[in-house]
Each structure stands twice: as structure tokens, then as C-alpha cells.
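Notes follow once the structure below has been shown.
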Amino acid sequence: ANRAGKTEGALQLAVAVAGGRGSWSSRAWCLRNKIPIEVLPEHPGTVWISALTYADALEYHRPTLDKYLPIGTRRRSWTANHQGRAVLPGGGQIVSKAAAMGRRNARRRYQGKPCDLIILDEEHEKPIFEECIARTGDHNGLVLLSMTPLMGLTWPYQAFLTSPGPGYGSSTIYGLDNPHVSSVQLRRR
């Protein structure tokens, strides 16, 4: 699904969840994209977005989020090569994390407060995913993996395709589904 818009769509969802149902822009986003408003928390949400490295977060996530964050959002450590935070005007927040925060005991780096949504962009290690499931339990939240399976038939293939557990699902999209990328160029690759 390279160039299909997975990350862009996931980050738009992140801003809508952080805004919650009380945010007019979150409600408008749901309406425009035909997404049930019930997907959003009733309160301003807490969202974690995790890249594989902080270099990836700085290059892809944070600039993309800047396109969608509402006016008045306060950014903390947003341009730093470590964890950053965006606090929306209504109090919702988005925390930018990275799996490479420390390879040793990476799972412990994902412990903390409850979240409404966690996005793991590209394939993270299974223990990180498992810790994220625990973080979303209190809020009946979601963990979203936006990834192209470049590593082969690893743990996500087993967990989501061959023997998915209750509440697990998958969607497949293709680069040619993205109306913003030239299909001629994609077919040449």
C-alpha cells in the first residue's frame, strides 16, 4: 500500500479523535468522510502516534499534523528529536512517539496514561503493540496499525489475517486507490 495515503488518513483521524465530539472540526471531518460520529470520544481525546524513529516523526508525522491541527494548538518539543506534544484548544492532545526511543525494553516506553487512539505507523515490535492495547483499555480506545508489510509474514499477518482475535480487523488499500498520486507513475515502479 505504498503511496496509498495510509499515514495521511491516520493522522487526520488522530486530530479528529483529539478534538472529540465537541469539536466542530472533528464533527465536520466525520461528516465529510462518512464516518460515524460515535467513533470519536465524547471528551477531548488523548492520541499517541508512533513512528519507527524520531527522524520519521519529524519528517512525516509532525508536518502532516501541522496541516490539520486547529488554530490555537500549543506545540511542545515539536521540532525536537524526541517526544513531542500538541495540545489542542479544547484540551485534547497528540503525543508523537518513536519505537526507537530506546531499543532496550521498548515496551516500557509505551506505559503510561490511558489513550483513546494509538497509531503505530509502520511495523512496530509485537510487545509495543501489546502495551498499546493495554493503554487503550480504559477508554475503550483503538490501536491502529498503518503499515505496508515490508517485513514479510510477521506477527501482524498472524494477528490480523490468519487468526484474528475478537475486535481485530484489517483493510487493504493500494497505491492506485490514492487519487492524489499519479497512477502512471505508480505503475512504472
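The values are calculated or read from the model by the stated rules, or taken from the named source; none is laboratory data. Keep in mind the model is a prediction, meaning the values are calculated, not measured. Glycine also receives a Cβ, built like all others from the backbone with ideal geometry; neighbour counts cover every protein chain displayed. Accessible surface areas use protein heavy atoms only, side chains included; no ligands, DNA or RNA. Shrake-Rupley method; radii C 1.70, N 1.55, O 1.52, S 1.80 Å.
Brief remarks on what is shown
- Amide H to amide H, with H built 1.01 Å from N, residue 93 comes under 5 Å of 45, 46, 47, 88, counting only residues 5 or more places away or on other chains.
- Inter-probe distance in nm under a simple model that places probes 7 Å from Cα toward Cβ, at residue 53 and residue 113: 3.0
- R0 of 35 Å, Cβ-Cβ distance residue 43-residue 155: FRET efficiency to nearest 0.05: 0.60
- Ranked packing of 80-88, 14-22, 47-55, most packed first, by mean Cβ within 10 Å: 14-22, 47-55, 80-88
- Computed in the context of the full set of protein chains, the accessible area of region 39-110 at 1.4 Å probe radius has 48% of its extent on carbon or sulfur.
- The GluC sites (Glu not before Pro) of region 1-88 that DSSP puts in a loop, and whose beta carbon has at most 12 other beta carbons within 10 Å, are 42.
- Take region 1-60 with all the other protein chains still there, run a 1.4 Å probe, and you get 50 Å² of accessible area per residue.
- Partner lysines for residue 113 [C-alpha distance under 24 Å; skip if fewer than 8 residues away on the same chain]: 97, 126
- With each label modelled as a point 7 angstrom along the Cα→C-beta vector, the residue 32-residue 81 pair spans 3.5 nm.
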